[in-house]
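Enquirer: Got a structure here, written out as structure tokens. Questions coming.
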Amino acid sequence: MTIKEIKSPSKNTWAAKLKRTVTAFLPVDKNRQGKCIRCGACCKLPNPCPFLRTDEQGLCTCAIYPVRPLNCRKYPRTKSEHITTDTCGHSFE
Ligand code: SF4
Ligand code: SF4
């Protein structure tokens, strides 16, 4: 991996996930709107999470929800980190 790739990772990569994990300590953008509709898209970046489950209604659930990582709790934290806009219930002004 090059320095350029680390600084500006393409969105659906482990490098992008590492970046989201590090920046998860920062606050959620106040312009974020909407709510999680449990589509599960963010739990498949870049690969499906082993804790991802689907309930009887077809909605995604997290097997470790009470202790899920900060980057999961805060996703999408900013517009630039929001890479699941096709299905996500959140949006940014
Ligand atoms: S992509 Fe958005 S709506 Fe879907 S599970 Fe993640 S936060 Fe929730
Ligand atoms: S830990 Fe839970 S919320 Fe985080 S990616 Fe996995 S299933 Fe999704």
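Nothing in this text is a laboratory measurement; each read-out follows from the coordinates by a stated rule. Source: prediction; values computed, not measured. Every residue, glycine among them, receives a Cβ derived from its backbone with ideal geometry; neighbour counts consider all protein chains shown.
Enquirer: Pop out the Kirkwood hydrodynamic radius of segment 10-92 from its pairwise C-alpha distances, inverse of mean 1/r, in Å to one decimal.
Expert: Kirkwood radius, segment 10-92: 13.1 Å.
Enquirer: Further question: Relative to the first principal axis of the alpha-carbon coordinates of the chain, what is the inclination of helix 14-23, with its axis defined by its Cα atoms, in degrees from 0 to 90 and to the nearest 10?
Expert: Long axis of 14-23 versus the principal axis of the chain: about 90 degrees.
Enquirer: Still on this structure, I have one more. Springs between alpha-carbon pairs under 10 angstrom, Gaussian network model over the chain: which of 79, 17, 30 fluctuates most?
Expert: 30
Enquirer: Separate question: On a full-extension model of 0.36 nm per residue, what is the gain between residue 67 and residue 54, subtracting their alpha-carbon distance, rounded to one decimal in nm?
Expert: 2.9 nm
Enquirer: Can you pull the one-decimal nm distance between simple spin-label points at residue 18 and residue 44, each 7 Å off the Cα toward Cβ?
Expert: With each label placed 7 Å out from Cα toward Cβ, I get 2.5 nm.
Enquirer: Once every DSSP H run of n ≥ 4 in the chain is given -39500 (n - 2.57) and the sum is divided by its residues, what mean residue ellipticity at 222 nm do you get, rounded to the nearest 500 deg cm²/dmol?
Expert: Values: 3 runs with 20 residues, N = 93.
-5000 deg cm²/dmol, from helical runs alone.
Enquirer: In segment 54-81, which residues have a backbone nitrogen under 12 Å from the label point lying 7 Å from residue 36's Cα in the Cα-to-Cβ direction?
Expert: 60-77
Enquirer: So, one more: Sort 66-75, 51-60 for me by packing, meaning the mean count of neighbouring Cβ atoms within 10 Å per residue, highest on top.
Expert: Descending mean neighbour count gives 66-75, 51-60.
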